[in-house]
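Student: Have a look at this one.
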Amino acid sequence: MAGKVANAIEKKIEKAAQRCINAACGARYGLRERIYVCPRCGETLEIDCQLMRPSDPAALRERWAATKAGPKLPREASGVWRFLDMLPFEDDAPFVTLFEGNTPLFRAPRSAKYCGLANLRLKHQGYNPTGSFKDTGMAAAITQAAISGARTAVCASTGNTAASLAAYAARADLQAAILLPRGQVSAAKLAQSLDYGALVLEIDGNFDDCMRLIQELGDDPAIYVANSINPFRIEGQKTVAFELMEQCSWRVPDHVVVPGGNMGNSTALGKGFQELLDMGLIRRLPKLSVIQAEGAAPVARLFANLSAAQRNGEEELPEKLEAVENPKTLATAIKIGAPVSWKKALRGVVRSGGQVIAVSEQEIADAKAMIGRDSIGCEPASATTVAGIKKLAASGHIKQGEDVVAVLTGHALKDPDYMSSYHRGTLGVAADAKESAAPAKAIRGAFENAPERVAATKSAILASLKQRQ
Ligand code: F0G
């Protein structure tokens, strides 16, 4: 395929491989082998795309911009497939798409001020077809499932991966089976999976239990695992880095900040930016920081205990992560205690000079409302970013005038119950009552905005307006 398209990156697809991330192992496997961890050492895998540095990076950027302005091939209308140059797929792959990607980058002046910054931009992945960032990765994973001849695709999920898998599997005529922690997924997300026709299996356990089951099911030859442990998911998701750089006119932001759950998204952004650097398309990496919820923050805890030499990349990173046994957060999307991609993600964070920190339930809730005030809105997990940026600005890691982008991962309507409870002053950790017998610790919304009951008269309405002015 190399050289078919003018100015394309030369990609030695026949040499591309799934590679074990454990340098001491370094095993390589063919792209079509349906494996998710290294059969030799058990470590996670990543795709080595065998990208060759383009002779003319500027021409390549122009070509990508041209496909966005006016796609020539049907697949180029997808914000994932228009970056095929950077992906481990042939030109004639059976591309699955729901026109994912190409999401907006908003200025967020109120959120910027809230964080103590001059500027802040929010890249909203909630504008994807099923309302979350998962769609970019799912386009790639389900295309690969079709190539590999799978019949059933499965995932464990806190809700968004499930909705996305259900939609993309339906599009590709695959059976979708979804494992959800019973009672711990937002009703809106669950309803999406039902609507797209997936088999929804509610498990008595938490997300980490579902994930363990998925890893067992992965041995079955008919089953294709679509969680972000699957390295093809990461390939689709890394395109957000390319798209973001286009939107920034290829001026690298100082900081990119993302939420952290299973750590697939942060892995993907780290890989995307690194490949742009390796290709000579950017000159430096943005500092990539990851924000977790305090009650589900195993990686932030590990990061806090790293030595200065480990943070600088001068010493090896730890081999083991201590899982959080019973993770707790109202941001249910990231209620995860044993993230599978932590090692890959942490490597990218450290390489870029970023940090991993945790924020409280109160901080998440108020940041979410602030993003709403910017007329943008997002689901609770996404708001960890703005809460984290406020903290990183206060600690001096982010400077007041620096160029900062947060990646919002899910649409506001993904979790309307949370949003409504916050504004009515009824949001509390007790909503999580199944695992916690502790009394409710209510979250009092600093930006609470409860509906008012008003008499059905003009004067009552005007009086109400006046009071709020
Ligand atoms: N934000 C949202 C809205 C999510 O749904 C998730 C993960 C994350 C952030 C964290 O991303 O796992 O790549 O670090 N949701 C998964 C799911 C776990 O099943 O939908 P991550």
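Student: Please determine whether any residue of the stretch 237-250 is more than 15 Å from the ligand (Cβ to nearest atom) and closer than 18 Å to I357 by Cβ.
Tutor: No, the stretch 237-250 has no match at all.
Student: Here is a list of conditions, (1) free of Cβ contacts under 8 Å to residues at least 60 places away in the same chain; (2) open to solvent by 20 Å² or more (accessible area, probe 1.4 Å); (3) farther than 30 Å from A65 by Cβ, and K368 meets all of them except one; can you say which number that is?
Tutor: Unmet condition: (2).
Student: Take S249 and decide whether it is part of a loop (DSSP other than H, G, I, E, B) and either open to solvent by less than 10 Å² (accessible area, probe 1.4 Å) or within 14 Å of A153 (Cα to Cα) (or both).
Tutor: In short, no.
Student: Anything in the stretch 273-300 that is in a helix (DSSP H, G or I) and crowded, with 24+ Cβ neighbours inside 10 Å? List them, or say none.
Tutor: Those that are in a helix (DSSP H, G or I) and crowded, with 24+ Cβ neighbours inside 10 Å: F273, A296, V299.
Student: Condition (residue is touching an Asp or Glu at 6+ places or on another chain (Cβ under 9 Å) and open to solvent by less than 30 Å² (accessible area, probe 1.4 Å)) applied to the stretch 217-231: is it met by at least one residue?
Tutor: Yes, the stretch 217-231 has at least one match.
Student: Please list, ordered by first then second residue, the pairs with beta carbon atoms under 7 Å, 6 or more apart or interchain, first in the stretch 382-393 and touching a residue at least 24 places away in the same chain (Cβ under 8 Å) and at positive phi, second within 12 Å of the ligand (Cβ to nearest atom) and open to solvent by 10 Å² or more (accessible area, probe 1.4 Å).
Tutor: Within 7 Å, no pair qualifies.
Student: Only one of (1) within 22 Å of the chain's Cα centre (by Cα); (2) away from the ligand (no atom under 15 Å from the Cβ) fails for P318. Which number is that?
Tutor: (1)
Student: Is it the case that some residue within the stretch 40-62 is hydroxyl-bearing (S, T, Y) and in contact (Cβ under 8 Å) with a residue 60 or more places away in the chain?
Tutor: Yes, that holds for at least one residue.
Student: Another question, then. Being assigned to a helix (DSSP H, G or I), more than 12 Å from I178 (Cα to Cα) and within 22 Å of the chain's Cα centre (by Cα) is the filter here; which residues of the stretch 205-237 pass it?
Tutor: D208, D209, R212, Q215, P231, F232, R233, I234, E235, G236, Q237
Student: I need a count of the residues in the stretch 364-386 that are more than 14 Å from the ligand (Cβ to nearest atom) and either hydrophobic (A, V, I, L, M, F, W, C) or over 20 Å from the mean Cα position of the chain (by Cα) (or both).
Tutor: 8
Student: Scan the stretch 90-116 and report the pairs whose first residue is under 30 Å from Q144 (Cα atoms) and whose second residue is of a type in the set (F, W, Y) and in a loop (DSSP other than H, G, I, E, B), with Cβ atoms within less than 8 Å and a gap of 6+ or a chain change.
Tutor: If the second residue must be of a type in the set (F, W, Y) and in a loop (DSSP other than H, G, I, E, B), the pairs left are F95/F89.
Student: Moving on to the next point. Kindly indicate whether any position in the stretch 133-145 is more than 16 Å from the ligand (Cβ to nearest atom) and either of a type in the set (S, T, N, Q) or out of contact with any Phe, Trp or Tyr (no Cβ under 6 Å at 6 or more places or on another chain) (or both).
Tutor: Within the stretch 133-145, one or more residues are more than 16 Å from the ligand (Cβ to nearest atom) and either of a type in the set (S, T, N, Q) or out of contact with any Phe, Trp or Tyr (no Cβ under 6 Å at 6 or more places or on another chain) (or both).
Student: Additional query: Just for the stretch 113-132: of the residues that are more than 9 Å from the ligand (Cβ to nearest atom) and part of a strand (DSSP E or B), which one is surrounded by the fewest Cβ atoms within 10 Å (Cβ to Cβ)?
Tutor: R121
Student: I'd like the full set of residues that are crowded, with 21+ Cβ neighbours inside 10 Å and either within 16 Å of the ligand (Cβ to nearest atom) or assigned to a helix (DSSP H, G or I) (or both), limited to the stretch 394-417.
Tutor: The answer is V405, A406, V407, L408, T409, G410, H411, A412, K414, D415.
Student: I would also like to ask the following. Within 17 Å of the chain's Cα centre (by Cα), surrounded by fewer than 20 Cβ atoms within 10 Å (Cβ to Cβ) and either assigned to a helix (DSSP H, G or I) or small (G, A, S) (or both): does that describe R347?
Tutor: yes
Student: Let me ask something else. Considering only residues of the stretch 13-39 that are part of a strand (DSSP E or B) and touching a residue at least 60 places away in the same chain (Cβ under 8 Å), which is farthest from K320 (Cα to Cα)?
Tutor: Among residues in the stretch 13-39 that are part of a strand (DSSP E or B) and touching a residue at least 60 places away in the same chain (Cβ under 8 Å), the one farthest from K320 (Cα to Cα) is Q18.
The values are calculated or read from the model by the stated rules, or taken from the named source; none is laboratory data. The shown structure was predicted, so the numbers you read here are calculated from the model rather than taken from an experiment. Here Cβ is always computed from backbone atoms with ideal geometry, including for glycine, and neighbour counts include all displayed protein chains. Just so you know, the surface numbers come from the protein's heavy atoms only, side chains and all, with ligands and any DNA or RNA stripped out. Shrake-Rupley method; radii C 1.70, N 1.55, O 1.52, S 1.80 Å.
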